[in-house]
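Here the structure is laid out as structure tokens; the discussion comes afterwards.
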Amino acid sequence: MDSLLQEINMLPSVLGCFVFNDEHQIAGSKMPPIFKENNITAIGNLLSRIIQMGTMAEFVFTDIEIKYNESLIVITPLSKGALLVIICEPSANKSLINMTTGMLSRDIEAAIAKGITGAPVGGSTAAPEPAAPVQEALIDEALAPVLENVKDALAQAIGPIAGPVMKDTIEIWAQQGTPSADTLPALAKLLCDEINDKELEKEFMAELKTITG
């Protein structure tokens, strides 16, 4: 849970996030130290009641945004009544946040089911070690630096989840034929399919063009 929430926290303009379970407890937190445990619990309880009232009125919630002058709260309902709550700056890229939470929500739900929690509230928020460079056995030495550049371009668009997305996509790319510089456009298309957001796809392709020429 801790590493999953840290991935969200590493997104630009995200200030902190936490998971609140159906037992009205903090299942994991990566909030700034100024937010004490009782404050986070109070926020979680309030949001849970709002969603419960909406459910009674037959509203179906997928994502909820609460806007303030100096902050934006993004709430994603998870399975079995749990909530993922992200607090960010008003200028945050909501497309990037939504894509990241969409990719991580199942893993967070699995962590809740297994009883895996994050670091204690107010505990260490040190960033995880950087992901290892792309080093696939099927990639020749000449192509490896190019793929590192592609991953850098992807990270500019989608943030810290670029590493695992790149790794999985390279495996699919390799199944289509021997990876080479000539088939890089096919890799770029696969990555755009994974991004699945027109605005972020444009950012990725623009950054990729400046890096690879």
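Assorted remarks:
- Extending 7 Å from Cα along the Cβ direction at Ala113 and again at Glu65 yields two label points whose distance is 3.1 nm.
- Total charge dipole magnitude, segment 144-212, about the Cα centre, Cβ charges on Lys, Arg, Asp, Glu only, Debye to nearest 20: 100 debye
- Taking the inverse of the mean 1/r over every pair of distinct Cα atoms in segment 2-113 gives a Kirkwood hydrodynamic radius of 14.1 Å.
- From largest to smallest, the equivalent ellipsoid semi-axes obtained for segment 144-212 from the alpha-carbon gyration tensor read 17, 13, 11 Å.
- Annotation: extensible slack from Ser180 through Ser79 equals 32.2 nm (criterion: 0.36 nm per residue apart, minus Cα-Cα distance).
- For segment 1-90, the list of trypsin sites (Lys or Arg not before Pro) that fall in a loop by DSSP and count at most 15 other C-beta atoms within 10 angstrom reads Lys36.
- Dipole magnitude of segment 12-108 about its Cα centre (Cβ charges: Lys, Arg +1; Asp, Glu -1), debye to nearest 20: 80 debye
- Straight-line cross-link reach from Lys167 at under 25 Å between alpha-carbon atoms covers these lysines, not counting any fewer than eight positions away in the same chain: Lys94, Lys151, Lys189, Lys198, Lys202, Lys209.
Read-outs: derived from the displayed coordinates by stated rules, not from any lab. The structure displayed is predicted, hence computed values, not measured ones. Ideal geometry is used to build each Cβ from the backbone, glycine not excepted, and the neighbour counts take in all protein chains shown.
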